[in-house]
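One structure is given below, encoded as structure tokens.
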Amino acid sequence: MEWRGARRSGNIEDRRGMGGVGIAGGGVGALVLAAIGYFVFGIDPQTTLQATQQLQDQTQQQVAEGPVKDENGQFVDAIETSNTDVWGPIFARQGARYTPPAAVVLYDNATPTGCGTGQSAMGPFYCPADRKVYLDLTFWNELETKFGARGEFARAYVISHEVGHHVQTLLGASDAARRMGARGAESGSVRLELQADCYAGVWAAHAGETSNGQIVINSADIEDGLGAAAAVGDDTIQSRGQGQVVPDSFTHGTSAQRVRWFTRGYERGDPAVCDTFGASRL
């Protein structure tokens, strides 16, 4: 995957190496994130609440915003900027205006968010309350070693999936998912996640043309992306972690579903084909 010559907007909050940066969205927000951590990731709610309290006791420090100097940070910047360049024209054709996420936050271990305290154990996530994407870059190592998903495009897929959740917030899909319920093979959560996969595919379909050729994605990159989508399917994760598959506890969809919806978005390049909420077959 080629990306180093691509435009970068500097829409980054770099909190790495800063420890606690003060708590945002505490109280009710902490409880909300504790619930997300439990139902989506299986994290003990007490663990999340304890991390929140620890961060509340720390002194707020200045957050570095703007261009980042390390290559990993520059990669995140380039992919988020490319998503803006892709979604801007798509929204404009519908007579709407796309506004990018408030920032992509790079952090270590734990950080305050508008949804409570985020933890690296949760993996990358999007917080609709503050409209920011949160990413601990040590997840790249986990993506390769734990999930076997290698290559830069696998990482780009993850970032674009989270930006896809921002697109959903702008379009109101997140509210629809909450009304449908949070767990189960046909739940709003699964439909929301599969739609974000499809949106990541839409980004991949247009990344080259909207970057004036500065982002180049080839067939091998797409295979890396499909590998990442398959690796993080609920059935694959459950089978590996607990030795059995429990569809009633699905939150993200099966490996086959995640691959299918990413492929659909990539091959068609049109977000209209990503209507997982109206689909009779996921």
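The values are calculated or read from the model by the stated rules, or taken from the named source; none is laboratory data. Just so it is clear, the structure is predicted and the values come from calculations on it, not from any experiment. As a convention, Cβ positions derive from the backbone with ideal geometry for all residues, glycine included, and neighbour counts pool all protein chains shown.
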Filtered residue count, region 168-195, keeping only those that are among the hydroxyl-bearing types (Ser, Thr, Tyr), part of a helix (DSSP H, G or I) and under 23 Å from Ser249 (Cα atoms):
2
Within region 139-167, residues being assigned to a helix (DSSP H, G or I), surrounded by fewer than 22 Cβ atoms within 10 Å (Cβ to Cβ) and in contact (Cβ under 8 Å) with a residue 24 or more places away in the chain number 2
Name every residue in region 91-111 that is assigned to a loop (DSSP other than H, G, I, E, B), surrounded by fewer than 17 Cβ atoms within 10 Å (Cβ to Cβ) and of a type outside the set (Gly, Ala, Ser), in order of residue number.
Gln94, Arg97, Thr99, Asp108, Asn109
Output the residues belonging to region 121-138 that are outside any helix (DSSP H, G or I) and among the small types (Gly, Ala, Ser).
Gly123, Ala129
Just checking, does region 196-203 include any residue being in contact with a helix residue (DSSP H, G or I) (Cβ under 8 Å, 6 or more places away or on another chain) and either among the acidic types (Asp, Glu) or part of a loop (DSSP other than H, G, I, E, B) (or both)?
yes
Residue ID - nearest to Thr81 (Cα to Cα), chosen from residues in region 197-242 that are without any contact (Cβ under 8 Å) to a residue 24 or more places away in the chain and hydroxyl-bearing (Ser, Thr, Tyr):
Ser219
For residues that are more than 19 Å from Phe153 (Cβ to Cβ) and touching a Cys at 6+ places or on another chain (Cβ under 8 Å), scanning just region 254-273, find the one that is surrounded by the fewest Cβ atoms within 10 Å (Cβ to Cβ).
Val273
Of everything in region 218-241, what is of a type in the set (Val, Ile, Thr) and touching a helix residue (DSSP H, G or I) at 6+ places or on another chain (Cβ under 6 Å)? Give them in sequence order.
Thr236
Here is a list of conditions, (1) surrounded by fewer than 24 Cβ atoms within 10 Å (Cβ to Cβ); (2) part of a helix (DSSP H, G or I); (3) at pLDDT 95 or above, and Gln214 meets all of them except one; can you say which number that is?
(2)
Working only within region 112-123, note down all residues that are within 16 Å of the chain's Cα centre (by Cα) and crowded, with 21+ Cβ neighbours inside 10 Å.
Thr113, Cys115, Gly118, Gln119
How about region 223-282: which of its residues are part of a helix (DSSP H, G or I) and β-branched (Val, Ile, Thr)?
Thr236, Ile237, Val259, Thr263, Val273
